[in-house]
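The values are calculated or read from the model by the stated rules, or taken from the named source; none is laboratory data. Because the structure is predicted, anything quoted here is derived from the model rather than measured. Cβ placement follows ideal geometry from the backbone for every residue including glycine, while neighbour counts extend to all protein chains displayed.
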């Protein structure tokens with residue numbers, strides 16, 4: 001293991017369909033990409049996608065070239081083994097990523113994008129599009145000592161039009177077999193604590209992120225300070241934290257799926273719309289640490305696992321009694337299915353002007369009745385939940 005914490009494990013397998021790329025970058029292809037700002041294929045910079053070679057240096061070179069020239073960075077079918085993080089621009093987070101994860105309250109103001117680093121990136125980086133075609137797997141073969149992204153996105157200026165589109169799986173190399181990513185296993189064991197964050201972004205430079213699939217990571221997606229960004233069609237399996245949004249502003253989060261994770265969705269932000277979250281066998285499905293003028297709708301939550309000591313609530317709104325944490329926000333169509341023994345559907349704490357509309361908790365067991373009374377409401381003002389029979393609670 002070297003100073004960065006990289007392991008020397010060999011790949012357990014590689015995708016049978018992964019085509020092999022050249023070892024050198026064709027000069028004509030690079031010149032054309034630079035001249036036109038067109039498609040920049042990571043294979044033209046030496047990435048193989050064969051699951052055996054270390055593609056980190058080649059992919060990083062392609063990323064740096066794309067950020068300098070503009071255009072579309074392209075990944076095609078393959079297993080891209082990387083022995084360290086891939087970074088789009090210099091890191092801008094003012095603090096460690098460990099300060100973002102495992103929080104029980106709103107992210108501290110001191111943690112965010114460093115102004116000097118933002119200016120440096122803004123002056124020298126061009127917005128790009130990342131495109132994934134076919135079955136793309138980015139397999140992490142390193143073991144960091146502290147939470148570290150596999151992919152870190154640091155375009156921060158809100159006028160950037162950077163986008164990431166297409167299906168891409170991000171997971172540890174150990175989860176890759178000769179037929180691809182092996183997927184989640186049905187288990188009640190805690191998710192891995194391997195310090196790997198699948199995709200991390202800081203700042204407002206990424207305008208859309210779609211198609212990513214995270215597996216067996218400390219955290220699937222971690223976002224700090226997103227603004228005018230759309231997150232869609234994202235999935236996480238067997239992650240300690242699936243999706244973590246800190247200080248989100250005017251974002252749309254659409255169609256998330258989480259299976260067998262310890263925590264599903266962690267959110268703090270304002271003026272945002274979160275809709276479509278399918279979450280099954282997750283210990284603590286939704287935690288809203290702070291929300292103002294936001295809407296959360298069309299959630300399906302189910303946990304029938306037997307996890308002693310795991311999360312006690314499916315929907316946790318608010319985190320501390322000192323001041324209101326959920327303000328002028330609406331929860332619509334939240335459907336909570338079967339719950340394991342001892343787990344309640346809702347905990348609403350320190351909230352004002354919060355509406356619960358069309359929400360229901362039920363069990364598939366014939367002997368159970370609708371659990372519309374199992375609400376833990378504390379220190380709330382002007383909270384309504386018509387379908388739950390809750391008119392006002394303090």
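Quick notes on this structure:
- Sole exception among (1) within 22 Å of residue 298 (Cα to Cα); (2) modelled with pLDDT under 60 for residue 309, by number: (1)
- Taken together, the residues in region 150-193 that are at pLDDT below 80 and out of contact with any strand residue (DSSP E or B) (no Cβ under 6 Å at 6 or more places or on another chain) amount to 11.
- Among the residues of region 200-229, the ones that are over 14 Å from the mean Cα position of the chain (by Cα), within 18 Å of residue 268 (Cα to Cα) and part of a strand (DSSP E or B) come to 1 in all.
- Answer residue from region 258-287, given it is at pLDDT 95 or above and assigned to a loop (DSSP other than H, G, I, E, B) and is surrounded by the fewest Cβ atoms within 10 Å (Cβ to Cβ) among those: 271
- Verdict on residue 46 being on the phi > 0 side of the Ramachandran plot, crowded, with 17+ Cβ neighbours inside 10 Å and either touching a strand residue (DSSP E or B) at 6+ places or on another chain (Cβ under 8 Å) or in contact (Cβ under 8 Å) with a residue 40 or more places away in the chain (or both): no
- Residue list for region 237-253, restricted to those being over 19 Å from residue 214 (Cα atoms) and assigned to a strand (DSSP E or B): 247, 248, 249, 252
- Restricted to region 164-182, and to residues there that are more than 15 Å from the chain's Cα centre (by Cα) and without any contact (Cβ under 8 Å) to a residue 60 or more places away in the chain, the residue that is farthest from residue 63 (Cα to Cα) is 182.
Rundown of residues vs (1) within 25 Å of residue 281 (Cα to Cα); (2) free of Cβ contacts under 8 Å to residues at least 60 places away in the same chain, yes/no style:
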position	(1), (2)
197	yes, no
205	no, no
227	no, no
235	yes, yes
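- Enumeration of residues in region 335-381 that are modelled with pLDDT of 75 or more, part of a loop (DSSP other than H, G, I, E, B) and out of contact with any helix residue (DSSP H, G or I) (no Cβ under 8 Å at 6 or more places or on another chain): 340, 341, 342, 343
- Among residues of region 87-144, those that are at pLDDT 75 or above, within 30 Å of residue 351 (Cα to Cα) and either over 20 Å from the mean Cα position of the chain (by Cα) or in a strand (DSSP E or B) (or both), counted: 1
- Subset tally (residues that are touching a helix residue (DSSP H, G or I) at 6+ places or on another chain (Cβ under 7 Å) and in a loop (DSSP other than H, G, I, E, B)) for region 146-199: 7
- For region 76-86, filtered to residues that are within 26 Å of residue 245 (Cα to Cα) and not in a loop (DSSP other than H, G, I, E, B), the residue that is nearest to the chain's Cα centre (by Cα) is 86.
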